[in-house]
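What follows is a short report on a single structure.
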Amino acid sequence: MLSVEKLESIYLLYGEELFLLESSLKKIKNTFGEIVKGINFITIDDTNCNELIANIETPSFGYEKKLIIARNTGLFKKEGKRKNAEISNLKEKINNYIKQNIDIIKESVILVFVEEEVDTKQELYKTIDELGTICKFDYQKPAQIASRLKAICNAYKVQINDNTVKYFIECSRN
């Protein structure tokens with residue numbers, strides 16, 4: 001799980017365990033504070049990822065920082081044999097922009113990429129690994145889920161035994 005007492009400037013969240021991924025994203029939003037869509041909160045997806053740099057450069061009026069969540073942009077997917085020149089150029093442009101303007105990003109933006117598929121060998125991934133925080137959320141094993149459930153129950157002062165936890169996990173497979 002991601003710890004977010006103090007926010008980093010760049011995150012890449014990905015993996016199959018959507019509950020933990022979305023929980024971490026929610027923690028980032030809560031730690032960020034007040035969110036005003038279009039002013040200090042921008043969402044990017046595969047339809048408008050070419051606007052990412054412009055959104056980074058646009059100041060958040062009346063707020064110290066801006067939160068940009070880029071979800072399923074396709075920027076981290078492995079490219080097939082037939083590379084899309086437009087996406088390849090955009091990946092390179094964003095990668096170079098992040099490298100050259102990391103100080104500006106740290107000063108004014110919290111940039112969070114949330115992706116389904118990630119190619120760990122590409123340059124953009126390596127840049128974020130070097131300058132930001134990457135969290136991969138793998139499927140949890142039943143023992144990990146049981147431990148987590150017990151911790152949640154203990155936090156609410158609810159006692160639960162091992163058989164009940166196992167039954168609960170069986171009933172809620174996904």
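The values are calculated or read from the model by the stated rules, or taken from the named source; none is laboratory data. Computed from a prediction, not measured in an experiment: that's the story for all the values here. Heads up, the Cβs are rebuilt from the backbone with ideal geometry, glycines too, and the neighbour counts pull from every protein chain shown.
Condition first: part of a helix (DSSP H, G or I) and surrounded by 15 or more Cβ atoms within 10 Å (Cβ to Cβ). Now tell me which residues in segment 140-151 satisfy that.
Within segment 140-151, 145, 146, 148, 149, 150 qualify.
What number of residues in segment 41-66 are under 28 Å from residue 18 (Cβ atoms) and either free of Cβ contacts under 8 Å to residues at least 24 places away in the same chain or not in a helix (DSSP H, G or I) (or both)?
Of the residues in segment 41-66, 12 are under 28 Å from residue 18 (Cβ atoms) and either free of Cβ contacts under 8 Å to residues at least 24 places away in the same chain or not in a helix (DSSP H, G or I) (or both).
A quick yes/no check of all residues on (1) surrounded by fewer than 17 Cβ atoms within 10 Å (Cβ to Cβ); (2) closer than 25 Å to residue 45 by Cβ; (3) touching a residue at least 24 places away in the same chain (Cβ under 8 Å):
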{"residue": "68", "(1), (2), (3)": "no, yes, yes"}
{"residue": "73", "(1), (2), (3)": "no, yes, yes"}
{"residue": "87", "(1), (2), (3)": "no, yes, no"}
{"residue": "92", "(1), (2), (3)": "yes, yes, yes"}
{"residue": "113", "(1), (2), (3)": "no, yes, yes"}
{"residue": "128", "(1), (2), (3)": "no, yes, yes"}
{"residue": "133", "(1), (2), (3)": "no, yes, yes"}
{"residue": "138", "(1), (2), (3)": "yes, yes, yes"}
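So which of 121, 99 is assigned to a loop (DSSP other than H, G, I, E, B) and modelled with pLDDT of 90 or more?
121
Out of the residues in segment 153-174 that are of a type in the set (Phe, Trp, Tyr) and closer than 26 Å to residue 16 by Cβ, which is farthest from the chain's Cα centre (by Cα)?
167
Among 21, 12, which is the only one that is in contact (Cβ under 8 Å) with a residue 40 or more places away in the chain, part of a helix (DSSP H, G or I) and in contact with a strand residue (DSSP E or B) (Cβ under 9 Å, 6 or more places away or on another chain)? Give the steps one after another, and end with the answer.
Values: 12 fails: part of a helix (DSSP H, G or I).
Just one listed residue meets the conditions, 21.
Residue 161 - would you say it is of a type outside the set (Phe, Trp, Tyr), out of contact with any helix residue (DSSP H, G or I) (no Cβ under 7 Å at 6 or more places or on another chain) and at pLDDT below 95?
Values: of a type outside the set (Phe, Trp, Tyr): yes; out of contact with any helix residue (DSSP H, G or I) (no Cβ under 7 Å at 6 or more places or on another chain): yes; at pLDDT below 95: yes.
Judged against the criteria, residue 161 is a match.
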